[in-house]
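K.L.:
Before we start, here is the structure in question, set down as structure tokens.
The values are calculated or read from the model by the stated rules, or taken from the named source; none is laboratory data. Since the structure is predicted, the reported quantities are computational estimates derived from the model, not experimental observations. No Cβ is skipped: glycine too gets one built from the backbone with ideal geometry, and neighbour counts run over all protein chains shown.
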Amino acid sequence: MRKKQENGWGGVNSELFAKKFVERLVSLLWYIDPHREKLIARSLKLPDIFNELEQYQRNESYNKFYYTGHHKKEQLSHEKLEQLIKSLELSVEQPWASEDKWMDFIIQVLSLIENIKKYINYLREVNQKMNIIHSSNISICNPSCDLKVYTIEASDDIHSKYQELSDFLLEKDSYEFLILRNILCVM
């Protein structure tokens, strides 16, 4: 029993509290890891204690799967961020978190939570503005100012400088993926 009280978690369920807190913190950090640059661009950088992590010191990422895995790249969602923040707040509200030996660390965690809450508010605002734009009958762009319409008559004549490209494309199957930059460099 003495050892459990020395680790700072104390009590009967100390290992459960410790494990849950670490899982919740890691889940949040893992989720935001591929999007750190977005947060920094919004002046919401991670608190110093998290920026000192080894991978971040080398300008790398922990969530390598996000970049190397063959899956849809998930954008940050305010719903998911809220869920992660609420679960982390549950851990920080536990009695162990108010002990002096954890105070500096908890302040950093609370700072992280506040920064993520600011980003959640930003995402909500953007979503609301986009919903208004999408549901509006009024165009966001003013066609009278931003649009020029003119008719180009169809022609079978191809300018000589495009003939080689036209011949090349006619040889290819429809919907075949091509990188035109590479093709044009060769021509």
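K.L.:
Within the range 116-136, is even one residue at pLDDT below 80 and either loosely packed, with under 10 Cβ neighbours inside 10 Å or assigned by TED's automatic domain parsing to the domain that holds A18 (or both)?
P.N.:
No.
K.L.:
Consider E82 carefully, then state whether it is in the same structural domain as A18 (by TED's automatic domain parsing), in contact with a helix residue (DSSP H, G or I) (Cβ under 8 Å, 6 or more places away or on another chain), over 20 Å from H35 (Cα atoms) and at pLDDT 90 or above.
P.N.:
No: the conditions fail for E82.
K.L.:
Which members of the range 26-38 meet the condition of being more than 12 Å from E74 (Cβ to Cβ), more than 8 Å from the chain's Cα centre (by Cα) and touching a residue at least 12 places away in the same chain (Cβ under 8 Å)?
P.N.:
Hits for the range 26-38 are S27, L28, L29.
K.L.:
Restricting attention to the range 154-169, and to residues there that are of a type outside the set (G, A, S) and surrounded by 10 or more Cβ atoms within 10 Å (Cβ to Cβ), which single residue is farthest from N182 (Cα to Cα)?
P.N.:
Applying the filter and picking the extreme gives I158.
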